[in-house]
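Structure first, then comments.
The values are calculated or read from the model by the stated rules, or taken from the named source; none is laboratory data. Please read all numbers here as calculations on a predicted model, not as lab measurements. Quick reminder, even Gly has a Cβ in these numbers, built from the backbone with ideal geometry, and neighbours come from all protein chains shown.
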Amino acid sequence: MAKMLGEILEDEGMLVELAFKGKEALQKFRSRDFDLILLDLRMPALR
């Protein structure tokens, strides 16, 4: 689902960053500013 949504947003000209594990997502979040974040509240490795 994330890959498909990412492709749709990229086709609309948006820069997309994907993360599939909680720690990876937190590293990306801390590394730069984002205009929008879509997330799964049950992301692996954050429980």
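What the table below lists for this structure:
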| item | result |
| --- | --- |
| First in the range 19-47 and over 12 Å from ALA2 (Cβ atoms), second anywhere and surrounded by fewer than 14 Cβ atoms within 10 Å (Cβ to Cβ) and modelled with pLDDT of 85 or more, Cβ under 6 Å, 6 or more apart | LYS28/GLU17; PRO44/LYS21; ALA45/LYS21; ALA45/LYS23 |
| Residue match in the range 1-15 (condition: assigned to a loop (DSSP other than H, G, I, E, B), over 11 Å from the mean Cα position of the chain (by Cα) and either surrounded by 11 or more Cβ atoms within 10 Å (Cβ to Cβ) or among the charged types (D, E, K, R) (or both)) | yes |
| Residue count, the range 16-47 (criterion: surrounded by 10 or more Cβ atoms within 10 Å (Cβ to Cβ) and outside any loop (DSSP other than H, G, I, E, B)) | 8 |
| Enumeration of residues in the range 3-47 that are in contact with an Asp or Glu (Cβ under 8 Å, 6 or more places away or on another chain) and not aromatic (Phe, Trp, Tyr) | VAL16, LYS28 |
